[in-house]
Amino acid sequence: MIIVGDDPASRVYVNNKKKACEECGIYSEEYALPANTPEKELLELIDTLNGRKEISGILVQLPVPEHIDEKKIISAISPEKDVDAFHPINVGKIMVGDFDFVPCTPAGVMELIAESGIDVSGKECVVVGRSNIVGKPQAMLLLHKNGTVTICHSKTKNLAEKTKAADILVAAVGIPNFIKGDMIKPGAVVIDVGINRIEGKKLVGDVEFESAEKVAGAITPVPGGVGPMTIAMLMKNTVRAAVVQAEK
Ligand code: L34
């Protein structure tokens, strides 16, 4: 795990990942680099880790500071050690449906759906948000499960009309309490990917839980919903990466 700078949220997430590794018996190293670390230095570290046989997975916690080119960093990670599945090779593999790992957050969402006994096939799935980390891969995974998928974003017209048609609604916009109860179809499955810090402390999702839980058939909380699933999927991807590399 590499963390650049001292973003407090990133610090919490990386600590949670480190703890999960300990619980699972996965050996881990943390590289906490100062915010002003030159891009070249980060690339050199990735290169060293790429070359170390005993390291199965490499993760650079995002976001990275402004002066560092995120795309360049992601592309520098060896695709078979890319346990985030952010590398263009892995993104492409997900697109064609032939992949070893899936980005942790959308994978966690799919796991929540499956473990709750919800069949995606033929369902109206609406993903609000189109990031490379969540929205886009999420849509693809729902499509692989034969959902009818709509991706909504900041330019979408009549958003509430779209969200109200969803049997499965995934909110990944990064705006606190953005999805209200009156934007949800009665009985719908509502999955809240948002983690927003209000007044520096309290965590709220992208869904207004109080109004949404009255309408939804099933709903995830924040905290204690998608966040811990993201970490669980990282553990799964790391084990998978080790197996794939061992089988080579
Ligand atoms: N490279 N960058 C990379 N990979 C990732 O998969 C992530 N992500 C997102 C941010 N940047 C990344 C995460 O790890 C979001 N994310 C993440 C991980 C863990 C938690 C939330 C987001 C988490 O543990 N959430 C807890 C609350 C933690 C708190 O108190 O802040 C929860 O219960 O939701």
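The values are calculated or read from the model by the stated rules, or taken from the named source; none is laboratory data. The model shown is predicted, which means the values in this text are computed figures rather than measured ones. No Cβ is skipped: glycine too gets one built from the backbone with ideal geometry, and neighbour counts run over all protein chains shown. Side chains included, ligands, DNA and RNA excluded: accessible areas come from the protein's heavy atoms. Shrake-Rupley method; radii C 1.70, N 1.55, O 1.52, S 1.80 Å.
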Keeping all protein chains in position, work out how much accessible area H144 exposes to a 1.4 Å probe, and write it in Å² to the nearest 10.
80
Under 13 Å from the Cβ of G129, count the other residues' Cβ atoms, weight Lys and Arg +1, Asp and Glu -1, and hand me the total.
+2
Structure shown: which of K93/K145; K18/K40; K18/K145 lie over 21 Å apart, alpha-carbon to alpha-carbon?
K18/K40; K18/K145
Here the relative contact order (percent) of the chain, from C-alpha pairs under 8 Å and at least 6 apart, is 17
Quarter of the Cα convex hull surface for region 178-222, i.e. its orientation-mean projected area (nm²):
2.8
Mind listing P(r) for region 154-248? All alpha-carbon pairs, 5 Å bins, whole percents.
3, 14, 20, 19, 14, 10, 8, 6, 4, 2, 0
Solution diffusion estimate, µm²/s, Stokes-Einstein, region 62-116, Kirkwood Rh from C-alpha pairs, 25 °C, viscosity 0.890 mPa s:
199
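Where both partners of a DSSP beta bridge lie in the chain, what percent of those bridges are antiparallel, to the nearest 5?
10
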Would you please put 36-45, 236-245, 204-213 in order of how densely packed they are, using the mean number of other Cβ atoms within 10 angstrom per residue and starting with the highest?
204-213, 236-245, 36-45
Per residue Cα convex hull volume for region 123-204, in cubic angstrom?
95
What distance in nm separates the simple spin-label points at H153 and E54, each placed 7 Å from Cα in the Cβ direction?
4.4
Overall Cα dimensions of region 83-145 - principal axes, largest extent first, Å
30, 22, 19
Within the chain, which complete DSSP H helices have Cα atoms spanning at least 30 Å along the helix axis and a mean Kyte-Doolittle hydropathy of 0.0 or higher?
226-247
By how many nm would the segment from I89 to E70 lengthen if fully extended, with 0.36 nm per residue of separation less the alpha-carbon distance?
5.3 nm
Fraction of the pair-distance distribution of region 57-162 above 19 Å, Cα-Cα pairs, percent:
49
Provide the per-residue ³J(HN,Hα) series for region 179-191, in order, calculated from phi with Karplus coefficients 6.51, -1.76, 1.60 and θ = phi - 60°, each as a whole number of Hz, with x at glycine and proline positions.
8, 9, x, 6, 9, 10, 6, x, x, 5, 8, 10, 10
Long-range amide H contacts for K123: which residues qualify at under 5 Å (H placed 1.01 Å from N, peptide plane, sequence gap of 5 or more or a different chain)?
T148
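Would you mind checking the pairs K81/K185; K81/K123; K19/K248 and listing those with alpha carbons more than 32 angstrom apart?
From K81/K185; K81/K123; K19/K248, over 32 Å: K81/K185; K81/K123.
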Using a simple spin-label model with points 7 Å from Cα along the Cα→Cβ vector, what separation in nm is obtained for K180 and R11?
3.6
Peptides ranked, highest mean first, by Cβ atoms within 10 Å: ranges 191-198, 51-58
191-198, 51-58
Hull volume in cubic angstrom per residue (convex hull over the Cα atoms of the chain)
132
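What shape does region 10-84 take by its C-alpha gyration tensor, where a ≥ b ≥ c are the square roots of the eigenvalues and a/c under 1.5 counts as rounded, a/b above b/c as prolate, and the rest as oblate?
Details: a/c = 1.96, a/b = 1.28, b/c = 1.53.
It is oblate, given that a/c is not under 1.5 and a/b is not larger than b/c.
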Once you put a point 7 Å from the Cα of N146 and another 7 Å from the Cα of A246, both along the Cβ direction, what distance in nm separates them?
3.5
